[in-house]
Structures are given as structure tokens and as C-alpha cells.
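The values are calculated or read from the model by the stated rules, or taken from the named source; none is laboratory data. Here the structure is a predicted model, which means the values were calculated and not measured. Here the Cβ positions follow ideal geometry from the backbone for every residue, glycine too, while neighbour counts run over all protein chains shown. Note: areas computed on protein heavy atoms with side chains; ligands, DNA, RNA excluded. Shrake-Rupley method; radii C 1.70, N 1.55, O 1.52, S 1.80 Å.
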Amino acid sequence: QVQLLESGGGLVQAGDSLTLSCAASGRTSANAMGWFRQAPGKDREFVASINWSGSSTRYADAVKGRLTISRDNAKNTMYLQMNSLKSEDTAVYYCAASHFSEIVTTGSLYPWWGQGTQVTVSS
């Protein structure tokens, strides 16, 4: 059983940076992991995914060049470095772990989810 706990959310100004962390209990070093977000009144959307080793990543077009996903398997932790934040990045951010080892962009293929952390960007 995998449990995920996000941290690092908060209230920031547009243009600021923020780093989210996702700590996993249970082994996830062989699993692809990802970040999703859900803004008020909108569906959950894919943000970024990283494969089991960290050698491959994929991003949603809206965040390319501003957000960076990474992982430290020795610490069972995944990160999302968020730079040049915009008001449209405001959402609850969720981390997730997949059964698969390579990139997964579809939320339904992630059986394990964290509880979410709020990111609010004021303009």
C-alpha cells in the first residue's frame, strides 16, 4: 500500500516561485509518478509526470518551461519546482503514483493519490 503526502503549498505573488514535495510511504521507486491540479469549478488536469528513474519527464503545455518535476528515490520523495507563477496556476495540487514504470498522463491510471495542497497565486 502506498500513501502520499503533499507539502509546500501556500499563497504567493505572481512571478514568485514555490516548490511542492510529495513524500511516499511504501516503495515507489519502480513507479511512475505525477502531479495533477484542480482549480475551483474545473476538472482535474494533468500537470507533469516522471518515470521510475527520473530520466524521462512530460509536462502539460500550460506549464512547460516554468514547472520542473523531479524525484529522489532514496528519499521516496517527488518534487514540483514552480517558477514564474501565474494566477491561472491557482489550484489544489495532487501527487499520484502509478502501477506503471514509464510516463503516465491519464489520471485514471494512477491508483494512489495524496490529499492535495493548495497553491494560490495573487496577481
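Some points to look at:
- When residues of segment 16-25 are limited to those that are polar (S, T, N, Q) and open to solvent by 50 Å² or more (accessible area, probe 1.4 Å), the one farthest from M78 (Cα to Cα): S17
- All of (1) open to solvent by less than 50 Å² (accessible area, probe 1.4 Å); (2) within 23 Å of S123 (Cα to Cα); (3) hydroxyl-bearing (S, T, Y); (4) within 10 Å of the chain's Cα centre (by Cα) hold for T90 with one exception: (4).
- The set of residues from segment 1-10 being open to solvent by less than 60 Å² (accessible area, probe 1.4 Å) and assigned to a loop (DSSP other than H, G, I, E, B) comprises V2, G8, G9.
- Q13 being polar (S, T, N, Q), open to solvent by 30 Å² or more (accessible area, probe 1.4 Å) and closer than 14 Å to V121 by Cβ: yes
- Number of residues in segment 56-84 that are in contact with a Phe, Trp or Tyr (Cβ under 9 Å, 6 or more places away or on another chain), exposed (fewer than 14 other Cβ atoms within 10 Å of the Cβ) and either hydrophobic (A, V, I, L, M, F, W, C) or part of a strand (DSSP E or B) (or both): the value is 1.
- Residue match in segment 48-71 (condition: acidic (D, E) and touching a residue at least 12 places away in the same chain (Cβ under 8 Å)): no
- The residues listed here are T117, T105; of these, the one that is open to solvent by less than 30 Å² (accessible area, probe 1.4 Å), in contact with a strand residue (DSSP E or B) (Cβ under 6 Å, 6 or more places away or on another chain) and of a type in the set (S, T, N, Q) is T117.
- Checked against the criterion of being open to solvent by 60 Å² or more (accessible area, probe 1.4 Å), touching a strand residue (DSSP E or B) at 6+ places or on another chain (Cβ under 9 Å) and under 18 Å from V2 (Cβ atoms), segment 26-41 has no qualifying residue.
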